[in-house]
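Each remark here refers to the structure printed beneath this line.
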Amino acid sequence: MQFFQSATPTLHALLGLSFLGFGCTATIDSDAPPGTTPGIPTGGTSTAGGGTTGGDGPLPKLQGVGPRPLQRLTVRQYLSSIEDLLGAGTTPEAVQRFTPESVGESGFIGVLPAVGTLDARGYMEAAEAFTTRASARIGELATCAAGADEAGCARSFIQGFARKAYRRPLEPSEIEELLAVFTSGRALGYDYAKSVSLVVQAVLESPFFLYQWELGAHPAKAINGEVALTNHELAARLSLSLWGRLPDAELSRAADAGELTSGDALAKQAKRLLSDVQHTSDTLWDFYVQWLYIKSPPALASQLKKNPELFPAFDDRLKNSMLAEARGFLERVVLTDNGSLTELATARWSLLDGRLASVYGASGVTGDALVKTDLPSGQRSGLFTQPLFLAALSSDGGTLPPRVGKTLWSRLLCGEMAAIPANVPLPKEPAPNVTTRERFATHSDGGCKGCHQFLDPLGFAFENYDALGRFRTQEGERAVDATGALAFPLGQAVQFQNAVELLQQVAASEDFSRCFSSQWLRYTLGRRLVDAEAGTPSIVHDAFKSSGLNVKALWLAVIGSKTFSHRSITEGEVVQ
Amino acid sequence: MSSHNNRNGFSRRQLLRGLGLGAATLPLLQAELARSSCLAVAPKRVILVFWCNGINNQGSWAPVGGGALPGYLASLEPHRSDLVFMRGVTFQNLRDTPNPQKADNAGHGATPAVWTGTRYADLRPFHEEAGGPSLDHHISAEWKKQGKYDRGPLHLGVRHEGYQLSWRGARDAAPPDNDPFHAFDTLFGSVTPSGQPDPAFEQLRQARKSVLDRVAGDLTRLCQNLGTEDRARCDAHLQSVRELEMQLQATNVGACDKLQLTRGFNPKADDGTEKAFQAQLDIAVAALASDAARIATITFGNEGNNHIVPTWLGIKPVGDSGGIGDSNSHHSIAHSGDARKLKLDGWHYQQMANLIERLKTTKEADGTRMLDNTVLVVANCQETGGGHGTAKVPWILAGNSGGYFRTGQAIQADFQHTDVLNAVCEAVGVGIEGYTQPEYRGVLAALKA
């Protein structure tokens, strides 16, 4: 599978209309290399294999395991983890200066590039700012009675604080090393509290906090080229992937007790974490935003704008309502109602406040609270007809059918996209009595057709909504034409009168459920899959399907996959 | 600094809080920078400036063999004898990638190629990473080996938020600081106006050293067991911490003439962009004059600049009708290639004229112009604003670098951009081994005096 998205939101927007190319092929993503078929082992690999599961194919499916690259905490994980350590507060200015995160080859923010000098300085300045912000909290954590042995107090603070930050117990020598930072602060004339703050800074800048690698200085233990993650690695991976934050007390206890590598303890902990709606919802939202908009939630919020002359109804309050609706809907369907992917894509209800009700043309809802409301009949179908989706994929002045089409094609259906050719024709300028569909039809022929035969029908289907997500049957004087036909990547031919009909067929398609489960795998692993684990997407998909496309079941299937709890050793790695 | 600080009622301690803790925006209106070189023996210096989006009127750009410069280049007329206009720069290392789509339509994606002389590390669509060091880091590393100078390049940006331009090595980017106030404080925050080290800063400096030594120790231990690729990233982090320690140890004494750095604008906003660019150029000159750096890169925007509307030229945002940003953004304007683009090109070159003027008027201790010991390379990413070609990109070079370059000419040839970059290496006395791959090792003879 190749994604052709931007390294940055800026470039994504830059290329926003250029979704055309040659050789746009309709093959489903399997994360397998060309020539392999999803679910069929590629052979010649050295994986130990996971045996048979599911059992809908004649061949056994190899689970296999892939590498686990050294992964730095994303800004979201970094900030949430610091909140776990030091309490909530304003985000320091230094964090705003961090090099923006870009989408990697997984199609999600995954393995971040090396830390340059500017970001090393950023981590330093941020750590200094956090200790200032949290000086009272640090005082409580490192409390030391009058006359007590300061070094003893500092040592016990280090044992607790660094244990939590590093997600593992510290070696005695590591405790002494951090204590030396405290001592040097005292020697410089800093008081006790400020010297403890230096220790906190050293912890927050330490690679043992910043990277997901809970072995410390120990080499990993490999069997047949595979490494089973340790209890502490598992706890951290589970917590950082489900909550985006540090393991809580119960998970840390289970890791210390060595429980996570045996039986179904990991699954039990995963279920326990998933039952915390608030923390899990953060991650669900992060996944949703990266999946559909290829950017982080803060970037989505700050970049969503509309031209005030064309859309006077759009303001920050409406924008926040749109964001809250999508987030609340996801949380409700997936976490509270324990619902399915089908429900996400086809629900005829949503969570509306008074502002959203006017966007939807729904009656009976006023005020600021989001209320579950049935939507006007025949006009809507789940997440992908919500105002946020429709507004975020439009420009500030109007709809952008190719962008909507590209999102459906590559992110919902995992269709492939070719590179953009030279001399891209621009859409026609807006003009009276010319519909958006007519303006963007410049891509439907010639060299652009290779991709736009798929992208255009998918995008034009959404012309029943304006750039705020309001339903429309007219564009100016002209009637909207939202009809279309195409073949999905796996070959299924569909035709439809409008987006609602299209989305019903998307929701029922194998393309969508396979794509969604493979997106979830990539998001969780932070990388694309490798040959050795080519069977994993199918195994995960099978479990997802047999659960009735239950999203939590998918999440648990990903966590239950061998490649989540194991990794392959990498070239040049020192192992025991 | 503090003469102004005191006038404005801010104490050193408040300043240090801002510097050390980074939490508060310093409410300073002005600060002072070095205005002339204070070095007994003038060293060679390098300035690399980049912006993207091409020149639409290729035909009118600096005519070979003389003749009037077009209006948008008029500001450079007084400096012509110090310039080389280079028509026909080709990013061969970009064009040699196996993807034919790269060859001639990749100007926006050329950014990691601009200062480097290796093929890309990996052919990842829209996720470009350089395959080796950029010119600034290569020279810096070589100077360090030669014992000439051991501080790294200074990277300054203006609303840069995309592909990287500077690389310490393959996949090891060195992003610029987009905040001129932060950049200024980083460079000059540890000195008093008399040019003496600030005693109140010393305690902070030592505390930071203690923390960073611990961090470096942890990194050393973590890196040792990792596989090759992970170790490279881990080692790069360690190198960054070491460089940061070195930056913090340095005291940049600016006991020279004074320069005003005006604060009170937003370097992230359209209406602060012009001031941000000017501030970064001033900071670069001050850093080079006071030997806080010998190499500076200034990156204006990113590979497209659809996020920048030049409101400072009276061009107002009008909204986005096609999905590529505001129709009056730098990028959209470049696609249309009309009078707005000429105005914007003219503005960019005016900033370069101002920079060159500063380099001329800043005198070395021996009375010579700083420009004469400097080479400034002004790069673009592509040929025209709409075509994205990577074969005839217009670049400018200024300053003769101690007599190495033959300035006062406009040349047209089909040459690789590495022919220019390799010449810069020669000019500043470093080899090109380890910089450019063997197929990109030409040196443009026409440039040499």
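Observations
- Taken residue by residue and averaged, Cβ atoms of other chains lying within 10 Å of the Cβ of A:123-129 number 6.
- Rounded to the nearest 10 degrees, the inclination of helix A:510-525 to the longest alpha-carbon principal axis of chain A is 20 degrees.
- FRET efficiency estimate (nearest 0.05) - Cβ-Cβ, A:R253 to A:L426, R0 60 angstrom: 0.50
- Under the combined filter of DSSP loop state and at most 10 neighbouring Cβ atoms within 10 Å, region B:328-425 retains none of its trypsin sites (Lys or Arg not before Pro).
- For region A:205-339, convex hull of alpha carbons as volume per residue, Å³: 164
- Cα centroid separation, region A:524-576 to region A:438-465 (Å): 35
- For A:T90 and A:D315, the difference between the fully extended length at 0.36 nm per residue and the C-alpha to C-alpha distance is 78.6 nm.
- 0 to 90° range, to nearest 10: angle between helix A:117-133 axis and chain A longest Cα axis: 70
- Probe 1.4 Å - accessible area at A:L141, Å² to nearest ten: 70
- In summary, the lysines within cross-link reach of A:K194, defined as a Cα separation below 19 angstrom excluding same-chain residues under 8 places away, comprise B:K209.
- For region B:282-418, fraction of C-alpha pairs farther apart than 24 Å, in %: 43
- Heavy-atom accessible area ranking, 1.4 Å probe, most first, across A:S350, A:S156: A:S156, A:S350
- Heavy-atom accessible area, probed at 1.4 angstrom with all protein chains present, ranks A:R253, A:R121 as A:R253, A:R121, highest first.
- Carbon + sulfur, % of accessible area of region A:472-564 - ligands and nucleic acids excluded, 1.4 Å: 47
- Nitroxide proxy distance, nm - points 7 Å out along Cα→Cβ at A:T336 and A:E83: 1.9
- Cα-based convex hull volume of region A:128-237 per residue, rounded to whole Å³: 107
- The largest accessible area among B:D366, B:D96, B:D419 belongs to the first residue in B:D366, B:D96, B:D419, and the rest follow in falling order (1.4 Å probe, all chains).
- Estimated inter-spin distance, B:W312 and B:R242, nm [label 7 Å along Cα→Cβ]: 3.8
- Chain A: angle of helix A:75-86 to the longest principal axis, Cα-based, in degrees nearest 10: 40
- This model, with +1 at the C-beta of Lys and Arg and -1 at the C-beta of Asp and Glu, gives chain A a dipole about its Cα centre of some 380 debye.
- Spin-label pair B:V41-A:S302: with each label point 7 Å from Cα along the Cα-Cβ axis, the two points sit 4.7 nm from one another.
- Loop GluC sites (Glu not before Pro), region A:483-576, which have at most 11 other Cβ atoms in a 10 Å radius of their Cβ (DSSP): A:E571
- Averaged over the residues of peptide A:197-207, the number of Cβ atoms from other protein chains lying within 10 Å of each residue's Cβ is 5.
- Number of partner chain Cβ atoms within 10 Å, mean per residue of B:324-334: 3
- Total accessible surface hidden between B and A, rounded to 100 Å², 1.4 Å probe: 6400
- For A:H232, the solvent-accessible surface with a 1.4 Å probe is about 30 Å², rounded to the nearest 10.
- Normalising by residue count, the protein assembly as shown has a Cα convex hull of 170 Å³ per residue.
- Estimated from the Cβ-Cβ distance and a Förster radius of 60 angstrom, the FRET efficiency linking A:S444 and B:A449 is about 0.60.
- Ratio of Rg to Rh over region A:230-297 (Cα coordinates, Kirkwood Rh, two decimals): 1.04
- Label point 7 Å beyond Cα of B:E357 along Cβ direction - residues of region B:259-301 with amide nitrogen under 18 Å: B:259-262, B:274-286
- Rolling a 1.4 Å probe over the protein heavy atoms leaves B:K144 with an accessible area of roughly 110 Å².
- Averaged over residues, the count of other Cβ atoms within 10 Å places the peptides B:151-159, A:76-84 in the sequence B:151-159, A:76-84, highest first.
- Charge sum, other residues only, whose C-beta stays under 11 Å from A:N498's C-beta, Lys/Arg counted +1 and Asp/Glu -1: -2
- Taking only the alpha carbons of chain A, we obtain Rg and Dmax values of 25.4, 84 Å in that order.
- Links that overshoot a 31 Å alpha carbon limit, given the list A:K295/B:K316; A:K406/B:K275; B:K148/B:K341; A:K164/A:K562: A:K406/B:K275; B:K148/B:K341
The values are calculated or read from the model by the stated rules, or taken from the named source; none is laboratory data. Predicted, not measured: the structure shown is a model, and the values here were computed from it. Cβ sites come from the backbone with ideal geometry, for glycine too, and all protein chains shown count toward neighbours. Side chains are part of the model used for accessible areas, which takes the heavy atoms of the whole protein and leaves out ligands, DNA and RNA. Shrake-Rupley method; radii C 1.70, N 1.55, O 1.52, S 1.80 Å.
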